[in-house]
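Quick notes on the structure that follows.
The values are calculated or read from the model by the stated rules, or taken from the named source; none is laboratory data. Fair warning: this is a prediction, and the values are worked out from it, not measured in the lab. Backbone-built Cβ (ideal geometry, glycine too); neighbour counts: all protein chains shown. The area values use the complete protein model at the heavy-atom level, side chains included, leaving out ligands, DNA and RNA. Shrake-Rupley method; radii C 1.70, N 1.55, O 1.52, S 1.80 Å.
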Amino acid sequence: MPEPATAASLVGPLLARLGGHGRALEFRVFESYQSTVGELLRARTAPERLLGTTLMVRVESSALAHALVMLKGEILAKMTATLGPGVVIDIRTRVGL
């Protein structure tokens with residue numbers, strides 16, 4: 001008799017069939033972004049979507065967009081430590097929450 005499959009081994013293929021694998025990755029990226037940035041950026045920015053390896057973030061003002069650009073290297077390094085290499089390699093901003 002074959003060994004029963006674990007739920008963990010079935011989730012990946014199921015998500016892929018339902019088109020949810022990308023959404024699961026996007027959720028992990030958003031969660032990583034929120035835990036990486038400080039309280040100020042967390043309150044005034046929102047990860048919007050993941051386009052390939054680029055994280056699109058909506059910001060409250062152009063000043064915050066500039067601040068996020070200046071902190072991009074540090075944020076990406078912390079996110080890479082959490083998510084692994086190559087998942088997010090760039091962050092782009094859009095003004096207007």
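Rolling a 1.4 angstrom probe over the protein heavy atoms with all chains in place gives region 34-85 an accessible area of 55 Å² per residue.
Keeping all protein chains in place and using 1.4 angstrom, which order do Ser61, Ser35 fall into by accessible surface area, from largest down?
Ser35, Ser61
Quote the FRET efficiency, to the nearest 0.05, computed for Leu51 versus Arg28 with a Förster distance R0 of 22 Å and r equal to the Cβ-Cβ distance. For R0 = 22 Å, the calculated efficiency reads 0.90. Which residues in region 49-68 place their backbone N less than 19 Å from a point set 7 Å from the Cα of Val95 along the Cα-to-Cβ direction? Taking a point 7 Å out along Cα→Cβ of Val95, the residues of region 49-68 whose backbone N falls under 19 Å are 56-68. When a/c reaches 1.5 or more, the comparison of a/b and b/c decides; with that in mind, is region 19-97 rounded, prolate or oblate per its Cα gyration tensor? Since a/c reaches 1.5 and a/b is larger than b/c, the shape of region 19-97 is classed as prolate. Computed on protein heavy atoms with a 1.4 Å probe, the accessible areas place Arg92, Arg23, Arg49 in the order Arg23, Arg92, Arg49, largest first.
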